[in-house]
């Protein structure tokens, strides 16, 4: 298990490195949230590029050190783009982040996520229901009926219900898993971090989860999978808490949230409340 002070030091260092290097993390993401994803990546200190064609996905991998693949709002072309991009990242030894949005809705989504298993994402980010369903789909849990319930941006399971699935996924991929909820859970399969903060208003605007995936990809350009997942999650929770202190409704909260992503320092992100436990 990694000690809390080590995690905090690594998170602060990762945040500083992102600000210093302005790393590019390309995205193939939900069309509903492209703008939010890009602006969040820019606000935390990264650089954004959004594409959807197969050869462009491979070019993103070549151009940057990480890429983000989000399964929301799939189009037929993604049947080529998403596996090709994941394979390119895997083969190049570069980080890639997977958000299995809506697993259980439609055959294409399920087929694509089955195809992605051998490419072992560096970070998987999702709500509890999505994480449980993905671990089940990949044969890491016994509960195959987890696939029977569609998983969109809303979850029907609590974070604790996904703990076993998250640990199993992290151990399979050798990377990290971030589970969003009232208290977020991040694990590398040996250590579990519970990250506090955020705001109920985050559920009143579309794209908080999707944009967090893009931010995790930015951090993954500069840090190991677990540090990147903890840093991106803590950054989001800190910004959510601060934005909620100055905004009382969804539209103003979204603006304030991006501002607070921009304002947060490495030391402040590292100091965001967290609990550490053995997986």
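Express in nm, to one decimal, how much length is gained between residue 255 and residue 79 on full extension, taking 0.36 nm for each residue of separation and deducting their alpha carbon distance. Before the final figure, lay out the partial values.
Values: separation 176, 0.36 × 176 = 63.36 nm, distance 3.40 nm.
This chain segment gains 60.0 nm when fully extended.
Based on the mean of other Cβ atoms within 10 Å per residue, sort peptides 65-73, 158-166, 45-53 so the most packed one is first.
Numbers: 65-73: 25.2, 158-166: 20.4, 45-53: 18.8.
Per-residue mean Cβ counts within 10 Å order the peptides as 65-73, 158-166, 45-53.
Arrange the peptides 1-7, 238-244 so that the one whose residues have, on average, the most other Cβ atoms within 10 Å appears first.
The packing order, highest mean first, is 238-244, 1-7.
Could you tell me how far the Cα centroid of the range 152-201 sits from the Cα centroid of the range 20-48, in Å?
Going from one Cα centre to the other spans 22 Å.
As a test of the formula, what do you get for the chain when each DSSP H run with n ≥ 4 contributes -39,500 (n - 2.57) and the sum is divided by the residue count, at 222 nm and rounded to the nearest 500 deg cm²/dmol? Don't skip to the end; give the middle numbers.
Details: 11 runs with 138 residues, N = 279.
Dividing the helical sum by the residues of the chain leaves -15500 deg cm²/dmol.
What does DSSP give for the chain in terms of the percent of beta bridges that are antiparallel, rounded to the nearest 5? It would help to have the intermediate numbers written out before the result.
Details: 12 of 32 bridges.
That works out to approximately 40 percent antiparallel.
Cα centroids of the range 49-102 and the range 211-237: how far apart, whole angstrom?
Cα centres, the range 49-102 to the range 211-237: 17 Å.
Which residues does a label at residue 31 reach in the range 46-82, if reach means a backbone N under 16 Å from a point 7 Å past the Cα toward the Cβ?
Counting only backbone N, you get 50-54, 70-82.
Once you keep just the Cα pairs under 8 angstrom separated by 6 or more residues, what percentage relative contact order results for the chain?
Working: 625 pairs, mean separation 63.8, N = 279.
About 23 percent, as a whole number.
For the range 1-139, report the % of Cα-Cα distances exceeding 24 Å. Intermediate results must be reported in sequence, preceding the final value.
On the way: 3091 of 9591 pairs.
It works out to 32 percent of all Cα pairs.
Every read-out reported here was derived from the displayed coordinates using simple, explicitly stated rules and does not represent laboratory data. These numbers were taken from a predicted model, which means no experiment stands behind them. Cβ: placed from backbone, ideal geometry, glycine included. Neighbour counts: every protein chain shown.
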